[in-house]
1. Kyte-Doolittle cut-off 1.0, length cut-off 20 Å along the helix's own axis using Cα: show which whole DSSP H helices in the chain pass.
2. When only C-alpha pairs under 8 Å and at least 6 residues apart count, what is the relative contact order of the chain, in percent?
3. Roughly speaking, what is the stretch gain from GLN56 to LYS81, that is 0.36 nm per residue apart minus the C-alpha to C-alpha distance, in nm to one decimal?
4. Hey, rough spin-label estimate for SER256 and ARG202, points 7 angstrom out along Cα→Cβ, what's it come to in nanometres?
5. What list do you get for ARG207, ARG2, ARG106 if you sort them by fewest beta carbons within 10 Å?
6. What does the C-alpha gyration tensor say about the overall shape of the chain? Classify as rounded when a/c is under 1.5, otherwise prolate if a/b is larger than b/c, or oblate.
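Please treat every number below as a calculation from the coordinates, not as lab data. Note that the coordinates shown come from a computational prediction; the quantities given were computed from them, not determined experimentally. Ideal geometry is used to build each Cβ from the backbone, glycine not excepted, and the neighbour counts take in all protein chains shown.
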Amino acid sequence: MRRWLLVFLILIAFGRGVLGLGAKSLWWDESLSLHRAHQDLSTILSNQITLTDNLQQVITVDNHPPLYFLLLGLVVRILGKTEFALRFLSLACAVLTVPLLYVTARRLIPRGHVAGLAAAALGALSPMYLWYGQEARMYTMLAFLSLLSFYLYIRAFFDSSQKRTGWIAAYVGVSALLVLTHYLGALLIIAEAVGLAVMLVRGKASRRVAIAAIVLLLAVSLGSLFNASRSMPADTDQLGFRFIPLLELLRDLLNSFSLGLSVDAVS
């Protein structure tokens, strides 16, 4: 019965997402996704994009790593470049998150079938997952890989009944994919590394395994953040374009998640 309920929730998530998936025109960020997906392999990996105002062109650097765009390029080459095809990868990640919520909740809570179904239901009915599942951007892929990283983290370091080598290898691999999808994924990996360090201090983890995992995780996350800072575009005074400094971006981000976008943070 539980399996059928889970299947039903997965079908709900897919049905809600696929309905009207290609109905809306692309907005600006989605057009950038299409632009990057159509580039050759070396250009996608370089994170370079060409912006134009029909008067001149500026070659700049996208502030998102390349993994999503590599996969999106494969999808559009198979399914075409319609709005439906461009957004299908996002929908797939949103739908896959539903069963992953179920198994993660079950792993956290003993005999947590009810908790698992509740978590899956929240994912299947979430307005936010529906919104981003119908957008040709990397955010549902970020959510899916973040949750998968956390699930593998639990299996690798908190499940003593399993052989850990395979789970640790899978965890480190998914964590690398996470930061290749969005640089902010490094924040989750750093938090998980801190958790391992706490376990090591308390003597609840193998010293050699924990230290090796922490070093790998910090190398992946800090390397990703270093690459993000190194590849930030330089200032430009060309007509039609304005460079936005990092501190201004951080100020606007803080303002958006505290007072709201309608508040003038400068004044």
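1. 2-18, 83-108, 139-157, 164-179, 185-201, 207-230
2. On the way: 315 pairs, mean separation 45.6, N = 267.
Relative contact order, the chain: 17 percent.
3. Numbers: separation 25, 0.36 × 25 = 9.00 nm, distance 2.59 nm.
Result: 6.4 nm gained on full extension.
4. For SER256 paired with ARG202, the spin-label model returns 3.5 nm.
5. Values: ARG207 9, ARG2 12, ARG106 19.
Ranking ARG207, ARG2, ARG106 by Cβ neighbours within 10 Å, fewest first, gives ARG207, ARG2, ARG106.
6. Details: a/c = 1.85, a/b = 1.31, b/c = 1.42.
Oblate.
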